[in-house]
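Following: one structure in structure tokens, then a few remarks.
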Amino acid sequence: MIEILLSLFGFPLGLILTFIAPEELKPGRKYFLIIRYVLFSLIAVFSLLLLSFHQHYSFLALYPVYLILFWFLIHYKKSYLLEIFNYLFFISLYLVHLYLQIPYLIVLPALVFLYGLPAGTLIRTQISYGKRKRS
């Protein structure tokens, strides 16, 4: 259970990174986006494999709907609130794995921690660029 809480610290650490190295935000934005897409895909595939391996087909039926919805939100909506909803999706994956008593090892929490780093950084850049455009 403690690994779940520790994995959620990736998001605040991503925000802290923006204060430590603000000059690297603009040139590193494309790399943060690539890392975020790759980690999202890895988390999705890993969770799907765990659910199918343990034969929980009722959750497997709903899983593609969630993936399509959140993949659409990542690609076509540029709001930082949607990124938070995406992070909540990964937390809900934890709850599903806990409810079904599926041993997810340490891979899923580690991937969510790594996902939080670029997600927090990108949210900070979206907020700061939004303020600059308004003024």
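Ranked by Cβ crowding within 10 angstrom, fewest neighbours first, how are Glu83, Glu3 ordered? Show your work: numbers first, answer last.
Numbers: Glu83 21, Glu3 15.
Listing Glu83, Glu3 from fewest to most nearby Cβ atoms yields Glu3, Glu83.
Quick check: residue separation of Leu49 and Leu33 times 0.36 nm, minus the Cα distance between them. What number comes out in nm? Each step should come with its number before you reach the end.
On the way: separation 16, 0.36 × 16 = 5.76 nm, distance 2.43 nm.
Between Leu49 and Leu33, full extension yields an extra 3.3 nm.
Given 0.36 nm per residue, what is the gain on full extension from Leu69 to Leu15 after removing their alpha carbon distance, in nm? If you can, show how the numbers build up before the last one.
Details: separation 54, 0.36 × 54 = 19.44 nm, distance 2.52 nm.
This chain segment gains 16.9 nm when fully extended.
Arrange the following residues from fewest to most other Cβ atoms within 10 Å of their Cβ: Leu73, Leu100. Before the final figure, lay out the partial values.
Numbers: Leu73 17, Leu100 14.
Fewest to most other Cβ atoms nearby, the residues stand as Leu100, Leu73.
Can you list the HN-Hα couplings for the range 108-120, worked out from phi with the Karplus curve (6.51, -1.76, 1.60; θ = phi - 60°), rounded to whole Hz and with x for Gly and Pro?
4, x, 5, 5, 5, 4, 5, 5, x, 5, x, 5, x
Every number here is computed from the coordinates shown, using simple stated rules; none is lab data. Remember, it's a predicted structure, so these values are computed and weren't measured experimentally. When we count neighbours, we look across all protein chains shown, and the Cβ atoms used for this are built from the backbone with ideal geometry, even at glycine.
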